[in-house]
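The values are calculated or read from the model by the stated rules, or taken from the named source; none is laboratory data. Please read these numbers as outputs of a predicted model, since none were measured by experiment. Cβ placement follows ideal geometry from the backbone for every residue including glycine, while neighbour counts extend to all protein chains displayed.
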Amino acid sequence: MTNLTIIGAGTMATAIATVGVSGGTSVQVLSRNVDQGVQLAANLGELVTPGQVGDALTGDVVVLALPYTALGQVVETYAAQLGGKVLVDITNPIDFATFDGLVVPQGSSAAEQVAVWAPDAHVLKAFNTTFAATLESGRIGGLPTTVLVAGDDPTAKQTLIDVVEAGGLVGIDAGVLSRAQQLEQLGFLQITLASAQRVPWTGGFAVVR
């Protein structure tokens, strides 16, 4: 059975851990503030094991639930352990100085940068077009929350989609890893709309199938 390691213990990490636990998936949560991971485990139950960044990875799927600016250092820390792992980037690399664009070069994406840093991992882009509240509730309006997954390895994508769907959400294969460019633009648009209070943080874009 697939196990998750989530690096980070913020709202998105909590929401993704909730999805995993809902589907019966064991979740290792690694954070710099160990108390956050301990509290998360207390809230979600015995399937969650807290730890500290630097501890050995136990998950087959590793989720980087961190700001884009923190990814490089963490990937470097775990470089020797990431070979063969499914490595999931959830970031939206927004330029917070201007809030008017992304900090990655045009024609690239945060996920593609992660793939450069971790060439032996199966890198995916996912969760960046969903707010934490909609992951935890499993709904956007009257529709199930949909997680779009981009990556170059079909088996890796299906592994994550299986975890998502076991947790009660819908997973959709969004294509190759370069589709992360469009997903990050979509995530950026959604965040700007929510920040301007034009959509709620409990809402967002839904997919009708």
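Brief remarks on what is shown
- Residue in region 127-138 that is over 29 Å from Arg209 (Cα atoms), out of contact with any Pro (no Cβ under 6 Å at 6 or more places or on another chain) and not in a helix (DSSP H, G or I) present: no
- Enumeration of residues in region 152-182 that are on the phi < 0 side of the Ramachandran plot and either assigned to a strand (DSSP E or B) or charged (D, E, K, R) (or both): Asp152, Asp153, Lys157, Asp162, Glu165, Val170, Gly171, Ile172, Asp173, Ala174, Arg179
Quick grid of which residues meet (1) more than 30 Å from Gly203 (Cβ to Cβ); (2) of a type in the set (Val, Ile, Thr):
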site: Ala79; (1), (2): yes, no
site: Ile90; (1), (2): no, yes
site: Phe99; (1), (2): no, no
site: Val116; (1), (2): yes, yes
site: Phe127; (1), (2): no, no
site: Val147; (1), (2): no, yes
site: Ala166; (1), (2): no, no
site: Gly175; (1), (2): no, no
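- Pairs are defined by a Cβ separation below 7 Å, a sequence spacing of at least 6 or placement on different chains, a first member in region 21-50 that is within 17 Å of Val63 (Cα to Cα), and a second member that is modelled with pLDDT of 95 or more and among the acidic types (Asp, Glu); the pairs so defined are Leu30/Asp55.
- Region 1-13, subset surrounded by 22 or more Cβ atoms within 10 Å (Cβ to Cβ) and either of a type outside the set (A, V, I, L, M) or without any contact (Cβ under 8 Å) to a residue 60 or more places away in the chain (or both), residue farthest from Thr129 (Cα to Cα): Thr5
- Single residue of region 103-119 satisfying the filter (touching a strand residue (DSSP E or B) at 6+ places or on another chain (Cβ under 6 Å) and in contact (Cβ under 8 Å) with a residue 60 or more places away in the chain) that is farthest from Pro93 (Cα to Cα): Ala115
- Test: residue in region 119-133 that is surrounded by 20 or more Cβ atoms within 10 Å (Cβ to Cβ), of a type in the set (Phe, Trp, Tyr), in contact with a Gly (Cβ under 6 Å, 6 or more places away or on another chain) and closer than 15 Å to Met12 by Cβ: yes
- Residues (at pLDDT below 95 and either over 14 Å from Leu64 (Cα atoms) or touching a Ser or Thr at 6+ places or on another chain (Cβ under 6 Å) (or both)) located in region 9-43: Ala9, Asn33, Val34, Asp35, Gln36, Gly37, Val38, Gln39, Leu40, Ala41, Ala42, Asn43
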